[in-house]
1. A:Thr68 is checked against (1) in contact with a Leu (Cβ under 9 Å, 6 or more places away or on another chain); (2) open to solvent by 40 Å² or more (accessible area, probe 1.4 Å) and fails just one. What number does that condition carry?
2. Which residues, counting only those in region A:115-166, are within 11 Å of chain B (Cβ to nearest Cβ) and of a type in the set (Gly, Ala, Ser)?
3. Would you be able to say whether some residue in region B:8-16 is surrounded by 11 or more Cβ atoms within 10 Å (Cβ to Cβ), under 19 Å from A:Val120 (Cβ atoms) and at pLDDT 55 or above?
Amino acid sequence: MTKSDDDLQALLIKAVPNLRAFANSLCGDPTRADDLVQDTLVKAWSNLEGFERGSNLKAWLFTILRNTYFSELRKRRREVEDADGALAERMSVMPEQQVHMDIVDFKKAFGSLSDDQKEVLLLVGAEGFSYEEAAEITNAAVGTVKSRVNRARVALNKALGFEDGENFNSNGEFGSITRAVSRG
Amino acid sequence: MGTGSDPKRGDSVTMQAPLPVELQGQIGQRLREAYVELINEPVPDRFVALLQKLKQREDQGQGGQS
């Protein structure tokens with residue numbers, strides 16, 4: 001695959017909707033998400049030699065995007081000492097409200113996850129990458145990815161209000177909540 | 001339901017036990033719905049323009065090679 005290949009342009013363009021969805025879900029800011037996607041495309045283009053033909057282009061692009069995101073995040077954290085405060089501000093988009101299992105609340109609950117948790121849940125749960133691919137993309141061990149996904153699901157479940165700290169741990173309660181969720 | 005026997009209170013965040021499969025399915029479905037909504041957003045022109053620009057620069061830079 002060469003840079004003057006028309007196919008390459010088409011392949012990169014084809015990946016843009018997924019890259020935008022991933023970036024948007026990760027950082028929660030559409031403008032920044034598009035900047036991330038743009039940086040990713042430019043980096044991919046100039047490092048095309050580093051891409052092994054026949055391997056997964058989408059996984060490669062996702063790797064570039066998340067590396068860009070996390071290195072920017074580290075830089076910001078160094079610049080802004082009050083990084084936790086800034087992050088918390090970014091995440092508390094909406095006031096507390098009743099928890100319903102609708103999309104808006106789901107997004108809010110998702111926004112409350114840590115970046116590590118969001119990332120693996122998006123890669124495995126939303127994009128459909130295998131645990132192995134997600135491990136490669138995030139430069140982590142497969143076991144680490146699996147346990148992150150598991151923690152992310154538990155945290156998301158909690159944020160959605162299916163577990164209020166009491167019912168979940170009380171004997172028997174959780175089962176009834178689960179049934180209520182899955183049957184209607 | 002095997003998850004009902006967690007003896008500790010207030011330890012749910014660090015708890016390793018996986019969620020029941022049914023609940024995982026529910027969460028997974030919501031996640032995909034929200035994600036697909038994002039994927040279906042129209043792609044801004046700037047990305048097509050960007051790739052065209054990169055390619056043009058490449059073609060010019062490489063002289064006669066196409």
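1. Result: A:Thr68 passes all but (2).
2. Selection gives A:Gly125, A:Ala126, A:Gly128, A:Ser147, A:Ala152, A:Ala155, A:Ala159, A:Gly165.
3. No, region B:8-16 has no match at all.
The values are calculated or read from the model by the stated rules, or taken from the named source; none is laboratory data. Fair warning: this is a prediction, and the values are worked out from it, not measured in the lab. Don't worry about glycine lacking a Cβ; one is built from the backbone with ideal geometry, like all the others, and counts go over all protein chains shown. Each accessible area value is taken on the protein alone, full model and side chains, heavy atoms only, with ligands, DNA and RNA left out. Shrake-Rupley method; radii C 1.70, N 1.55, O 1.52, S 1.80 Å.
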